[in-house]
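Single-structure report; data block below.
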Amino acid sequence: MAPSEVIEAQGSTSTKPTQHQHRSGGRLAHRSFNHEPLMVNSAHGLQIHLANGQTILDACGGAAVATIGHNNDEVKAAVQTQMQQVSYVHTQAFTTRSAEDLADLLLEGGPGGLEMALFVCSGSEAMEAALKLARQYHYERGETERVHLVARRQGYHGNTVAAMSVSSNVARKLPYQMEGGGGLVYPHVSHVSPAYAYRYQREGESEDEFTARLLREIDDEFQRVGPGRVMAFVAEPVVGATAGCVPPPKGYLAGVRALCDKYGILLILDEVMCGAGRCGSFFAFEQEEGVTPDILTMAKGLGGGYAAIAGVLMHARVVDALKKGTGSFVHGHTYQAHPVSCAAALAVQRIIRRDGLVERCAAMGEVLERLLREELRACRSVGDVRGRGLFWAVEFVRDKDTKETLDPGVGFGVKVQVAALERGVAVYPGSGTVDGVRGDHVLLAPPYTVTEEQLGVVCRVLREAIECQEAKYLG
Ligand code: PMP
């Protein structure tokens, strides 16, 4: 593969699907400066129509973004109405019905004790806000020595400086390492082992023993740093992009919650990718008893691709500390709670609730799992198939028995993506290096409206795309 064909995207390598190329003006900075992505003319439901006449079945919702499909008339009408009423006001002095109603809808019934919502424009912004919020919580309570963040060597939390600091993507961090060590600009960060059973659960170790070992490591890390210095523990309940749809072992999140409680450390759950119904429950954390985040972020499924919107949801104890202290969150953006974005997200969320799409996501997820396991059983390169709801990943290996990874230079996941695109299906590739082991995967995250028939096509095409790469790279 020529160097010009390779980009590092989300810690992954991607290749240009040359045959689909359709020239753009050349002035827009694409993910790679060296190749052009596919030109899209329109999209409806799960179908993406390209300028070259090809139609692609969207089996990944972009990057787990689209939840109700593309081009929904009700969402378009809601956006138009909002535009006609008020397109923008600044939140310093004003609010709008759509922003208030969106917060009310998400927090109805006080899920996990969450009480207040802040809306920003991206997952990274939401994580940046969440990290600052955790700091302000301790500051208001006079615990100003709490500056340290503990995260996991397999998380992705965004591209802004603090969010990148808690992330583990080595390639994305490299250009920004500071002289003299200390990582990125935010230096008080350490990482513990990922809750990644396929690669971290030891031979003969039960799930409970694995969970207990991971929790001991977190406790040890809190002790090493000094529990009174730790501000927050940061984790995705189901890991998204870095290793691909990794659910934690049973009892892990509840155990983390208990450890945080023991030391007065906040728990920040990043549901930017796995939330908003994607895992088959509205919040991914709800699938385990006894887990309540202090701060929760969500983004992709919130607006379902109709708006650039993300949410930061705060537990009552965080709200209370801020109310008793400064009286506000010392943080703000010009486009915070943007009325048009909130109107779009509100329409998406109302559709999800009205049409029972979270339940549908859980049910179709079972179909997807069955089809994936059936179709890919004989594939030599498929080491692991894992996920929840409509959030599934297929991890590729050179050898199923030893779990030896493929040559990173090949970019196997991206090759599978390109082969699937040629056959009319979009999947999302990724790779991450955890403790020197570089895993390759593709991710499936179709809209919750996907049909069984479409899932059948996706799994068949994926198998063909994988087999075609196996013939080339496994001999
Ligand atoms: N957190 C997680 C878990 C994510 O998957 C992502 C994006 N893939 C982000 C944060 C950052 O979101 P954004 O790209 O919208 O800034």
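Val437 meets each of the listed conditions (1) of a type in the set (A, V, I, L, M); (2) under 27 Å from His157 (Cα atoms); (3) touching a strand residue (DSSP E or B) at 6+ places or on another chain (Cβ under 9 Å) apart from (3). Looking across Thr160, Thr144, one residue alone is on the phi < 0 side of the Ramachandran plot, within 15 Å of the ligand (Cβ to nearest atom) and surrounded by fewer than 23 Cβ atoms within 10 Å (Cβ to Cβ). It is Thr160. Here Ala29 clears all of (1) outside any loop (DSSP other than H, G, I, E, B); (2) within 16 Å of the ligand (Cβ to nearest atom); (3) not charged (D, E, K, R) except the condition numbered (1).
Look at (1) free of Cβ contacts under 8 Å to residues at least 60 places away in the same chain; (2) within 12 Å of the ligand (Cβ to nearest atom); (3) out of contact with any strand residue (DSSP E or B) (no Cβ under 7 Å at 6 or more places or on another chain) and you find that Pro237 fails only one, number (3).
Restricting attention to the stretch 113-131, the residues that are crowded, with 17+ Cβ neighbours inside 10 Å and either touching a Phe, Trp or Tyr at 6+ places or on another chain (Cβ under 6 Å) or part of a helix (DSSP H, G or I) (or both) total 10.
In summary, helices (runs of 4 or more DSSP H) completely within the stretch 337-445 and bearing 2 or more residues that are free of Cβ contacts under 8 Å to residues at least 12 places away in the same chain and either surrounded by fewer than 23 Cβ atoms within 10 Å (Cβ to Cβ) or not assigned by the TED database to the domain that holds Leu313 (or both) occur at 357-376.
Out of all the residues in the stretch 163-176, which are within 12 Å of the ligand (Cβ to nearest atom) and modelled with pLDDT of 90 or more? Passing the criteria: Ala163, Met164, Val166, Ser167.
The test for being within 16 Å of the ligand (Cβ to nearest atom), at positive phi and surrounded by 14 or more Cβ atoms within 10 Å (Cβ to Cβ) holds for Gly62. Just so you know, in the stretch 90-112 the residues that are aliphatic (A, V, I, L, M) and surrounded by fewer than 19 Cβ atoms within 10 Å (Cβ to Cβ) include one that is farthest from the ligand (Cβ to nearest atom), and it is Ala93.
Every residue, every condition in (1) at pLDDT below 95; (2) not charged (D, E, K, R), yes or no:
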{"site": "Met178", "(1), (2)": "yes, yes"}
{"site": "Gly183", "(1), (2)": "yes, yes"}
{"site": "Glu205", "(1), (2)": "no, no"}
{"site": "Thr211", "(1), (2)": "no, yes"}
{"site": "Arg216", "(1), (2)": "no, no"}
{"site": "Arg224", "(1), (2)": "no, no"}
{"site": "Met231", "(1), (2)": "no, yes"}
{"site": "Gly255", "(1), (2)": "no, yes"}
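Highlighted here are the helices (runs of 4 or more DSSP H) found entirely within the stretch 151-240 that include at least 2 residues which are closer than 29 Å to Arg278 by Cα and of a type in the set (Phe, Trp, Tyr): 197-200.
Residues in the stretch 113-128 that are among the hydrophobic types (A, V, I, L, M, F, W, C) and within 16 Å of the ligand (Cβ to nearest atom): Leu118, Phe119, Val120, Cys121, Ala126, Met127.
Residue by residue, here is whether (1) within 16 Å of the ligand (Cβ to nearest atom); (2) surrounded by fewer than 23 Cβ atoms within 10 Å (Cβ to Cβ); (3) in contact (Cβ under 8 Å) with a residue 24 or more places away in the chain holds:
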| position | (1), (2), (3) |
| --- | --- |
| Ala258 | no, yes, yes |
| Leu269 | yes, no, yes |
| Gly277 | yes, no, yes |
| Gln287 | no, yes, yes |
| Gly290 | no, yes, yes |
| Ile309 | yes, no, yes |
| Val312 | yes, no, yes |
| Val318 | no, no, yes |
| Lys323 | no, yes, no |
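Remark: Gly244 falls outside the filter, which requires a residue to be away from the ligand (no atom under 16 Å from the Cβ), outside any helix (DSSP H, G or I) and on the phi > 0 side of the Ramachandran plot.
The values are calculated or read from the model by the stated rules, or taken from the named source; none is laboratory data. These numbers come from a predicted model, not from an experiment. Counting neighbours? That spans all protein chains shown, and the Cβs are built from the backbone with ideal geometry, glycine included.
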